[in-house]
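Note sheet for the following structure.
The values are calculated or read from the model by the stated rules, or taken from the named source; none is laboratory data. Please read these numbers as outputs of a predicted model, since none were measured by experiment. Positions of Cβ are generated from backbone atoms using ideal geometry, with glycine treated the same way; all protein chains shown enter the neighbour counts.
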Amino acid sequence: MSYACWITMDCGGLSPLNLGLNHNVTFNLRPMFVKALGGEGIRDLGELQCKDCIPLLLEGIESMMMEIHEYKELNPPNGWGNHRDALGTLETLLDYCKAAPNATMHVQ
């Protein structure tokens, strides 16, 4: 299983425009996302405007960089994903949000 993350923007049409910024990441990294972002982790970013995700992502990235050993202890035992993958996901989502701050983040 994995999380699918993407952003859309309301451009005044019948439905929001998918901006083509899509990212999938293994659900095995959930404990890291919960530790970094609090609450339900990456799921809590869903349906937020990207500009509101930016500070959350920055805090999560900082936590993952400052407490690297604690996060590495959360690496999944099955080897599907690791600290580097989780950090890369938050950095990718941050790039998406900076590129389109008025878009909406979706996580499924």
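Take the residues in the range 38-54 that are surrounded by fewer than 20 Cβ atoms within 10 Å (Cβ to Cβ) and of a type in the set (A, V, I, L, M, F, W, C); name whichever of them is nearest to PRO101 (Cα to Cα). Walk me through how you get there before you give the answer.
Here is the first cut: in the range 38-54, the ones surrounded by fewer than 20 Cβ atoms within 10 Å (Cβ to Cβ) are 38-40, 43-44, 46-49, 51-52, 54.
Of the ones still in play, those that are also of a type in the set (A, V, I, L, M, F, W, C) are 48, 54.
Numbers: LEU48: 10, ILE54: 8 Å.
If we take residues in the range 38-54 being surrounded by fewer than 20 Cβ atoms within 10 Å (Cβ to Cβ) and of a type in the set (A, V, I, L, M, F, W, C), then ILE54 is nearest to PRO101 (Cα to Cα).
Consider the range 55-99. How many of its residues are over 14 Å from LEU45 (Cβ atoms), in contact with a strand residue (DSSP E or B) (Cβ under 6 Å, 6 or more places away or on another chain) and crowded, with 16+ Cβ neighbours inside 10 Å?
1
Among (1) more than 15 Å from GLY88 (Cα to Cα); (2) modelled with pLDDT of 95 or more; (3) surrounded by fewer than 16 Cβ atoms within 10 Å (Cβ to Cβ), there is one condition LYS35 misses while meeting the rest; what is its number?
Among (1) more than 15 Å from GLY88 (Cα to Cα); (2) modelled with pLDDT of 95 or more; (3) surrounded by fewer than 16 Cβ atoms within 10 Å (Cβ to Cβ), LYS35 violates only (3).
Does the range 5-24 contain at least one residue that is surrounded by fewer than 17 Cβ atoms within 10 Å (Cβ to Cβ) and of a type in the set (Phe, Trp, Tyr)?
Looking for residues that are surrounded by fewer than 17 Cβ atoms within 10 Å (Cβ to Cβ) and of a type in the set (Phe, Trp, Tyr), one finds none in the range 5-24, hence no.
Do we find a residue being more than 22 Å from THR104 (Cβ to Cβ), touching a residue at least 40 places away in the same chain (Cβ under 8 Å) and either touching a strand residue (DSSP E or B) at 6+ places or on another chain (Cβ under 6 Å) or not aromatic (Phe, Trp, Tyr) (or both) anywhere in the range 36-52?
Applying the first criterion (more than 22 Å from THR104 (Cβ to Cβ)) to the range 36-52 yields none.
Taking every residue of the range 36-52 in turn, none turns out to be more than 22 Å from THR104 (Cβ to Cβ), touching a residue at least 40 places away in the same chain (Cβ under 8 Å) and either touching a strand residue (DSSP E or B) at 6+ places or on another chain (Cβ under 6 Å) or not aromatic (Phe, Trp, Tyr) (or both).
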